[in-house]
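Here's the structure, in structure tokens; my notes come after.
The values are calculated or read from the model by the stated rules, or taken from the named source; none is laboratory data. This structure is a prediction, so every number in the text was calculated from the model and none was measured. So basically every Cβ, Gly included, is an ideal-geometry build from the backbone, and we count neighbours across all protein chains shown.
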Amino acid sequence: MIGLYMFATPNCWRASIALEEMELPYTAHWINIREGAQKTPEFRAISPIGKVPAIVDGEGEGDAAKVYGSPAILFYLAEKTGKLMPTLGAERAEALEWTMFALSDIGMAFNGRNRFKFLLPEQDEYAIDVFQGEIERYLAYMNDRLADRQFLLGDFSIADIAAFPFMGGPRRDDELLARFPAVRRWVDAIEARPAVKKGLRTEP
């Protein structure tokens, strides 16, 4: 059984959606980062820098595997199950490219904008505009990619899981998506997946 330590954030939804899509049994443990639960010694023993999401995989021989951060978790689970990621040649290279684009470029742009727009006592309009511009540039790139395919790699993969939580589910922004119709169709298709609906946990 896998233990998932999470809160209601896009990074954590990456992990919970992946677990649901890969049909791995797990138990969710709620780490309320607004109340500082990520700073406790007990949680730091799992995630040394106090970062969610984190998993503890107790299956197999030897000590349980402890993995923190959504990028490492996605790759760990894909390799563990052999699901949702090509394993050879050009297809794997393309999968790595699009997954890292989602994890770094898209994730950083949305996280940066949201930090300056929603989390600071006073909004920093310059920073918001910079990150918003990056978001729109990346969505235009995705829109071109999705013009002739349902998902980023053709078939559903961890690249889709990595990108989706910033644009779909509780973080859906229909005004933004209306400008990128192929991305909006992609979001609709992912939101309709039963495993994704289960994975978008907003409470313990």
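Among all residues of the stretch 44-67, there is none that is modelled with pLDDT of 95 or more, under 21 Å from F166 (Cβ atoms) and in a helix (DSSP H, G or I).
Considering (1) under 19 Å from the mean Cα position of the chain (by Cα); (2) surrounded by 13 or more Cβ atoms within 10 Å (Cβ to Cβ), say which one E203 fails and leave the rest. Condition not satisfied by E203: (2). Could you identify the single residue in A192, A147, A163 that is buried (at least 18 other Cβ atoms within 10 Å of the Cβ) and either touching a residue at least 24 places away in the same chain (Cβ under 8 Å) or among the small types (G, A, S) (or both)? Unique residue meeting the criteria: A163.
Restricting A90, A102 to residues that are out of contact with any strand residue (DSSP E or B) (no Cβ under 9 Å at 6 or more places or on another chain) and either within 19 Å of G169 (Cβ to Cβ) or aromatic (F, W, Y) (or both) narrows the list to A102.
Applying a threshold of 8 Å to beta carbon distances and a minimum spacing of six or more residues, or different chains, the list of pairs starting in the stretch 8-19 at a residue that is of a type in the set (V, I, T) and ending at one that is part of a loop (DSSP other than H, G, I, E, B) reads T9/V52; I17/L200.
Scanning the stretch 20-52 for residues that are touching a residue at least 60 places away in the same chain (Cβ under 8 Å) and buried (at least 20 other Cβ atoms within 10 Å of the Cβ) turns up E20, E21.
Cβ-Cβ contacts under 6 Å between residues 6 or more apart (or on different chains), taken from a first residue in the stretch 78-94 that is touching a residue at least 40 places away in the same chain (Cβ under 8 Å) to a second residue that is small (G, A, S) and surrounded by 11 or more Cβ atoms within 10 Å (Cβ to Cβ), are listed as L84/A78; L84/S157; M85/A78; M85/A95; M85/S157; P86/A95. Tell me whether the stretch 71-85 contains one or more residues that are more than 17 Å from C12 (Cα to Cα), at pLDDT 95 or above, part of a loop (DSSP other than H, G, I, E, B) and β-branched (V, I, T). Within the stretch 71-85, none of the residues are more than 17 Å from C12 (Cα to Cα), at pLDDT 95 or above, part of a loop (DSSP other than H, G, I, E, B) and β-branched (V, I, T). Note on the stretch 90-146: residues that are over 25 Å from Y76 (Cα atoms) and aromatic (F, W, Y) amount to 6.
Looking for whichever is among the hydrophobic types (A, V, I, L, M, F, W, C), under 30 Å from P25 (Cβ atoms) and modelled with pLDDT of 95 or more here; the options are L153, L177, L146, L88. Which one fits? Break it down stepwise before answering.
Working: L177 fails: under 30 Å from P25 (Cβ atoms); L146 fails: under 30 Å from P25 (Cβ atoms); L88 fails: modelled with pLDDT of 95 or more.
Checking each option against the conditions leaves just L153.
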